[in-house]
Amino acid sequence: MIKISVIVPCHNSEAFINATIESVINQKLKDWELILVDDGSSDKTWEIISKYNLIDHRISSYKKTNGGTSDTRNYGYSLANSESKYLFFLDHDDLLHPDTLIRLSTYLEETPEVGLVACQYFMIDERGKALKSKKSSRWVPGFIFPRKLKDEEFDTPFVTFFCATGQGPFAMYSRAVYAKTTGWETSFWPHEDTDMFCQMAINGKVHFLPDKLYYKRTHPAQGMNNFKRVQDSHGSFRKKWDNLNLSNESGIKMLRDAKRYYYSTHQPFRDLKVARKAFFEFLRSPDRKKLRWFLTLIKSSASGFLLERFKKY
C-alpha cells in the first residue's frame, strides 16, 4: 500500500526540479509515490524528470500540453494510486524537509477528524540559500480588532482562509476529504490555494503546526511577482466565494459569517494599515498618484466600517 501521493506540476523547471525530487527521495518515510507532470515545458524539464523513472520505481513521469498549475495538479491527482491515503501537492521549485511526510502523515493518523494539516516553512533563494525567516500568519475575528492565531492554536477555521491568510503549498491532505472538493480551481491563479484551503475547511477540520517542514523558494521568475496578476486573481477568488451556493447548513453559516466579518472588519482594518503606509510614503515623496491611493484606501475602509456591518448576507 502506498501511503502518500506526492504530486509535482512542472513547467520550465530545469533549474530546480532535481533538488525538489531529491528532497522527496530523502524522506524518512518511504511509503510514497512521486508523480511528476511536465506541463508543456520548453526547456529540459522532461529530459530530467523522465530519467527518474529508471532510478526509483516509486517515481513516475508524465507529459501534457500546457494548461497551468491547477490543471496539472488535477491531472496528477487523476493518476495517483487509488489506495494512497494522503496527498501532498509540492511546487516544482520548493523542497521538503526530511521529516515532512512522516511528521504530517503521523499527525493525520493521530487526529483522524483533521482533513488538512499545514506547517510553517523556511524561505530560500534561487540558489537554495536561507533567507530571513518568515511565518504564515493566520487571522481570525477578535473582540474588536482582527486577531492573529498563536502557534499553539492548531485549529484553523474557515474564516482564516476566506480572509486569504494561512494558505500555501506547505500542507498534507486527507484523500477522503480532498475527494469532497471540486479540485483545484483552473479559472484563476494565484489564489488557487486560497480556494482549495477554503474548500477543505468547509469539508473538514484544518490544523496548522508550528514546525518548519517546508522550504519555500523565491526567485524572479515566479508569477507571484506580478502584482496585477495577484490582485486580479484575488478579485476572481472573491467573486467566486461571494456568489457560491453551498448545500449544507453548516457550510452556509460559515460562509455567511465569514463574509460579514471580512467586509465589515478584516478588510477595513487592512485598508487602514495600508493607508497609513501610503500616507507616510506620500509625505516622503509627494505626488498625486500616492495621494489618490491613500484617499482610495480611506474611502474603502470607511465604507466597510459604516456600511458592510449592516448589510444582510
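All of the numbers you see were taken from the coordinates with simple rules; none came from a lab. Given the structure is predicted, the values throughout are model-derived calculations rather than measurements. A quick note on method: Cβ atoms are made from the backbone with ideal geometry, for glycine too, and the neighbour counts reach across all protein chains shown.
Which residues' amide hydrogens lie under 5 Å from the amide hydrogen of Y62, considering only partners 5 or more residues apart or on another chain, with H built in the peptide plane?
Placed amide hydrogens put L36, V37, D38 under 5 Å from Y62.
K44: which aspartates and glutamates have alpha carbons under 14 Å from its alpha carbon, excluding same-chain residues fewer than 8 sequence positions away?
E14
Please tell me which of these pairs span more than 18 angstrom C-alpha to C-alpha: K212/K273; K148/K253; K28/K63; K30/K205; K259/K311; K150/K212?
Cα-Cα > 18 Å for K212/K273; K148/K253; K28/K63; K30/K205; rest within.
Compare the Cα positions of L244, S301, A258 along the charge dipole of the chain (+1 at Cβ of Lys, Arg; -1 at Cβ of Asp, Glu; about the Cα centre) and return the one farthest towards the positive end.
S301
Mind listing which trypsin sites (Lys or Arg not before Pro) in the stretch 138-236 are in a DSSP loop and have 11 or fewer other Cβ atoms within 10 Å?
Qualifying residues, ordered by number: K150.
Defining a contact as two alpha carbons under 8 Å apart and six or more residues distant in sequence, what relative contact order in percent does the chain show?
Relative contact order, the chain: 17 percent.
First check a/c for the stretch 6-97, with a ≥ b ≥ c the square roots of the eigenvalues of its C-alpha gyration tensor; if it is under 1.5, answer rounded, and if not, answer prolate when a/b is larger than b/c or oblate otherwise.
Oblate is the answer for the stretch 6-97, as a/c is 1.5 or above yet b/c matches or exceeds a/b.
Separation between the D257 and L307 pseudo-spin-labels, each 7 Å from Cα along Cα→Cβ, expressed in nm?
In this crude spin-label approximation the distance works out to 2.7 nm.
Where does helix 69-78 land angle-wise versus the long Cα axis of the chain, in degrees 0 to 90, nearest 10?
40
Report relative contact order for the stretch 123-239 in percent, whole number only (criteria: Cα-Cα under 8 Å, sequence separation at least 6).
Computed over the stretch 123-239, the figure is 30 percent.
Based on the Cβ-Cβ distance of S82 and S187, what FRET efficiency does E = 1/(1 + (r/R0)^6) give at R0 = 30 Å, to the nearest 0.05?
0.65
For the stretch 51-65, just list the computed ³J(HN,Hα) in residue order, Karplus coefficients 6.51, -1.76 and 1.60, θ = phi - 60°, integers in Hz, with x standing in for Gly and Pro.
Each residue's phi maps through the Karplus curve to give 5, 6, 4, 8, 7, 9, 5, 7, 10, 10, 10, 9, 10, 9, 6 Hz.
Length gain on complete extension for the stretch L272 to D242, per 0.36 nm per residue less the alpha carbon to alpha carbon distance?
Full extension of this stretch gives 8.5 nm more.
May I ask you to compute the full-extension gain from N225 to E249, defined as 0.36 nm times their residue separation minus their alpha-carbon distance, rounded to one decimal in nm?
4.8 nm
Roughly how tilted is helix 100-110, in degrees to the nearest 10 and between 0 and 90, from the longest Cα axis of the chain?
Long axis of 100-110 versus the principal axis of the chain: about 80 degrees.
Tally Lys and Arg at +1 and Asp and Glu at -1 over the other residues with C-beta under 14 Å from the C-beta of S82: what net charge comes out?
Net local charge, S82 excluded: +1.
Short version: ³J(HN,Hα) in whole Hz for each residue of the stretch 79-96, in order, from phi by Karplus 6.51 cos²θ - 1.76 cosθ + 1.60 (θ = phi - 60°), x for Gly and Pro, what are they?
9, 5, 4, 5, 9, 5, 8, 10, 10, 9, 9, 9, 5, 5, 10, 9, 9, 9
Kindly provide the GluC sites (Glu not before Pro) of the stretch 139-205 that DSSP labels as loop, not H, G, I, E or B, and whose Cβ sees at most 10 other Cβ atoms within 10 Å.
Sites meeting the loop and neighbour criteria: E152.
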